[in-house]
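Written below as structure tokens is the structure these notes are about.
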Amino acid sequence: MLLPVLLTVLGALAPVLPAVLGFPDPPDFVPLGALALAALWGWLAWRGKPGRRRLVLASLQTLVAAGTAYWMLGFSAYDASPGAPRPGDKAPLITATRVRDGARFELAAERGHQVLLVFFRGRW
């Protein structure tokens, strides 16, 4: 019963874990396949030996699989805006206020240094 739970956790983390660990992103079918397999395994385990604990676990696995699929497929519905920078383009000149200390940050001053820029997009 531990293997389906492990598959559920790994499948749910698969969309974000590679970026954290520095690995290339897996194709979308890998985490979705792992989640579907875990949910199916959970339901088959419940059907083979019914019980409240197995029913709750299979239901949670199905919810995690469906939620992750919705999250992943929802983000894939958006294309880049026309005129948006592409990988390899030079970054635009950015001036911002640092959250940490309120100091002014200019990207041009960091030329020649490695800089990690994180852009968040959403529907707010």
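When region 60-97 is limited to residues that are polar (S, T, N, Q) and in contact with a helix residue (DSSP H, G or I) (Cβ under 8 Å, 6 or more places away or on another chain), the one that is nearest to residue 112 (Cα to Cα) turns out to be 95. For region 56-71, the criterion of a residue being in contact with a Pro (Cβ under 7 Å, 6 or more places away or on another chain) and either at pLDDT below 75 or among the aliphatic types (A, V, I, L, M) (or both) is satisfied by no position. The lone criterion from (1) of a type in the set (A, V, I, L, M, F, W, C); (2) closer than 25 Å to residue 118 by Cβ; (3) at pLDDT 75 or above left unmet by residue 32 is number (2). Considering only region 44-66, state which residues are assigned to a helix (DSSP H, G or I), without any contact (Cβ under 8 Å) to a residue 40 or more places away in the chain and surrounded by fewer than 18 Cβ atoms within 10 Å (Cβ to Cβ). Across region 44-66, the qualifying residues are 44, 47, 48, 52, 53, 55, 56, 59, 63, 66.
Evaluation of residue 25 against the conditions (1) touching a helix residue (DSSP H, G or I) at 6+ places or on another chain (Cβ under 7 Å); (2) free of Cβ contacts under 8 Å to residues at least 12 places away in the same chain; (3) assigned to a helix (DSSP H, G or I) shows that the sole unmet condition is (3).
The values are calculated or read from the model by the stated rules, or taken from the named source; none is laboratory data. Keep in mind the model is a prediction, meaning the values are calculated, not measured. Here Cβ is always computed from backbone atoms with ideal geometry, including for glycine, and neighbour counts include all displayed protein chains.
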